[in-house]
Amino acid sequence: MKRLVNNILPSLRRRAAKGGYGLLAGLCVAPVAQALDYDNSPEVASFISEMTTTHGFPAEQLTSLFAQAERKQLILDAISRPAEKVKPWSAYRPIFLTPARISRGVDFWRQNEAALLRAQQEYGVEPQVIVAIIGVETFYGGNTGNYRVLDALTTLTFDYPARAPFFRQQLKEFLLLSREQQVDPLSLKGSYAGAMGLPQFMPSSYRAFAVDLNGDGKINIWTDPADAIGSVASYFKGHGWKAGELVVSRAEVRGDQVDKGLTVGIEPVKTVGELRTLGWSSHDALRADLPVTAFRFDGADGPEYWLGLGNFYAITRYNRSAMYAMAVHQLSEQLVQARGAK
């Protein structure tokens, strides 16, 4: 592939100078001074062939693009130790439930009230939930990520076997997104996992749920809060959010069968009635046939037992972690209280 890159670069530069790139609009074809991390990879060559055959991308353009992609060890290190897997709830919660994040969230809510109300009207998602998601993900746009999305997705596709199929699909979606939106794929930045913009959408989520809430003819989740707000609301509606319904219910437990009720994974597989026979009782009146996610946290004051309802499960579609979903929910509650106090 290195020989192929060297052979095609002169013609690519000539065509770039003439603006001859219809399928990857804005693609920068910079001179490649030396062999980079993926320009000699059989796996990348196979991926390029698939994108050429299935989606009509010119092979020479993709070859040049991946010759400029860089493997990032920091990305591999970061994805191996997410906070949801290495911290208990007592340490995880204080990361997100801080006075600064709450105060800034109230400011963000006030500054974008019209967009939040429109999103609520169109998608049925409460403003505090949307604000909490953006607050947890990027501190209201203050930290949207500094990795090139192409580097992140290429590194995780070809050097992180544990989730290679998922990131391979995201890499495909990213290239399709770049072509559809007519943006340079080398210009877009995001998190170590390739998540983008204020709401940290993965490419597949962008293509499925991102919306132009302000009606200016383009979707911009990087610097336009209105589009980010509408896109989060669209995402939640698409994943089953029900306006006004409970998210979680605190539980009391007794007996020696309590642990049998704990959910393995995140899907709600047991009903409230089944959990009652195992020693669980809810602080709220819940239907016996209601499926819930039952989980326990190691809280600052000891074990906490909770039942996650349908809206809780909807939050986990953003991040498959009970701690993440609870942090979003509790931040949303704090935002309502703080906004009312000001």
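Values in this text are rule-based calculations from the coordinates and carry no lab data. Quantities reported herein were computed from a predicted structural model and do not represent experimental measurements. Here the Cβ positions follow ideal geometry from the backbone for every residue, glycine too, while neighbour counts run over all protein chains shown.
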- Query: Using modelled amide H (1.01 Å from N, peptide plane; none on Pro or chain starts), what sits under 5 Å from the amide H of Tyr147, excluding residues fewer than 5 places away?
  - Reply: Gly190
- Message: So for the chain, averaging the separation of alpha carbon pairs under 8 Å that are six or more residues apart and normalising by length, what relative contact order in percent results?
- Response: 17 percent
- Per-pair calculated FRET efficiency, R0 = 22 Å: Ser204 and Glu180 via Cβ, rounded to 0.05: 0.95
- Query: To the nearest 0.05, what FRET efficiency results for Glu50 and Lys242 with a Förster distance of 56 Å applied to their C-beta separation?
  - Reply: 0.90
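Could you tell me how many cubic angstrom of Cα convex hull volume the chain has per residue? The partial results should precede the final answer.
Working: hull volume 51.7 nm³, N = 342.
It comes to 151 Å³ per residue, whole-number rounded.
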- Message: For the ranges 255-262, 193-200, 37-44, what's the packing order if you count other beta-carbon atoms within 10 Å of each residue, average per peptide, and put the highest first?
- Response: 193-200, 37-44, 255-262
- Task: With a ≥ b ≥ c taken as the square roots of the eigenvalues of the C-alpha gyration tensor of the range 83-206, please select rounded if a/c is under 1.5 and otherwise prolate if a/b is larger than b/c or oblate if it is not?
- Result: oblate
- When all C-alpha to C-alpha distances in the range 204-286 are sorted into bins of 10 Å, what percent of pairs does each bin hold, rounded to whole numbers? 16, 31, 20, 19, 13, 2
- Based on the Cα gyration tensor of the range 96-150, what are the three equivalent ellipsoid semi-axes, each the root of five times an eigenvalue, rounded to whole Å and given largest first? 21, 16, 9
- Task: Would you mind giving the average projected area, over all directions, of the Cα convex hull of the range 296-342 in nm² with one decimal?
- Result: 4.1 nm²
- Based on DSSP H assignment, which helices of the chain show an axial Cα extent of at least 27 Å together with a mean Kyte-Doolittle hydropathy greater than or equal to -1.0? 322-341
- Query: Around Leu186, which amide H atoms from residues at least 5 apart in sequence, or from another chain, sit under 5 Å from its own amide H, with H modelled in the peptide plane?
  - Reply: Cys28
- Item | Separation in nanometres of the label points that stand 7 Å from Cα toward Cβ, at Thr271 and Ser90 | 3.7 nm
- With springs only between Cα atoms under 10 Å, which of Leu156, Leu186, Leu286 fluctuates most in a Gaussian network model of the chain? Leu286
- Range of Cα positions in the range 117-189 per principal axis (Å), largest first: 41, 28, 23
